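The values are calculated or read from the model by the stated rules, or taken from the named source; none is laboratory data. What you see is a predicted model, and the numbers here were worked out from it, not measured in a lab. Because the Cβ atoms are built from the backbone with ideal geometry, glycine has one as well, and the counts that use them run over all protein chains shown. Note: areas computed on protein heavy atoms with side chains; ligands, DNA, RNA excluded. Shrake-Rupley method; radii C 1.70, N 1.55, O 1.52, S 1.80 Å.
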Amino acid sequence: PSGDLLLLSDGSASLENHGCPGCPTDPARHRVEAISVLAKSLHGCAADWRIGLMEFGPRSSSGFTDSRMLVDYTTDTGEVIAMSDSLGSDGGTPLWDSLSESLDALARQLDGAEDDIWEPEGKGLVVLSDGEDTMSYTSVSQVVSLAQGYRIPVNVVALGASSDLGDGYSSAAVSE
């Protein structure tokens, strides 16, 4: 089977910098390892799936306000792994705004707007984040509605305070 999977990683300052309660949440850059493992696993069992890698935070790329495309959709596992090492850690957390624009971009990709030949059988978005949104205009309910409308499954990998596995977790981040 074929498909498109977008990996959207948090690039906010709390991941590797100090200055907030519970920071840093990912000083060992486990999100880089998680992306590597996911890309290898997916391509190990479904080599025709294309993976896109984006980061959200203070940097953006053309066509995006709160997100930066690091790797356009590819079946080259090595490229995804290599570019995951460039993930940053700066600024706030525009999680819902980034998810909204990422879902729109993935839906355009799946509609064939950029490539009329590609017709994926599957689709999905995986978000890696350490916390609750700190600066979006979009609400979590709007993002959920958008994902449901596009029929794009969204999975979340929670890092640090957004995970309920440790003490002092953020109940707001967990509930969202």
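List of remarks:
- Histogrammed with a bin width of 10 Å, the alpha carbon distances of the stretch 1-88 distribute as 18, 46, 28, 8, 1 percent, first bin at zero.
- Counting only alpha carbon atoms, the long axis of helix 95-110 and the longest principal axis of the chain meet at about 10°.
- In order through the stretch 64-78: 3J(HN,Hα) via Karplus (6.51 cos²θ - 1.76 cosθ + 1.60), integer Hz, x for Gly, Pro: 10, 9, 10, 9, 10, 7, 8, 9, 6, 3, 8, 9, 7, 4, x
- Distant-in-sequence amide H partners of VAL127 (H built 1.01 Å from N, under 5 Å): LEU8, ASN155, VAL156, VAL157
- In the calculated pair-distance distribution of the stretch 27-67, the portion above 12 angstrom amounts to 68 percent of the Cα-Cα pairs.
- Å³ per residue enclosed by the Cα convex hull of the chain: 109 Å³
- For the chain, the per residue solvent-accessible surface stands at 49 Å², with DNA, RNA and ligands left out and a 1.4 Å probe.
- Cysteines without a disulfide-compatible neighbour (Cβ-Cβ under 4.7 Å), the chain: CYS45
- Working note: 222 nm ellipticity from helices only, DSSP H runs with n ≥ 4, each -39,500 (n - 2.57), summed and divided by the residues of the chain, gives -9500 deg cm²/dmol to the nearest 500.
- Summed residue charge, Cβ within 15 Å of SER141's Cβ, Lys/Arg positive, Asp/Glu negative: -4
- Within the accessible surface of the stretch 1-100, defined with a 1.4 Å probe on protein heavy atoms only, the carbon and sulfur portion equals 53 percent.
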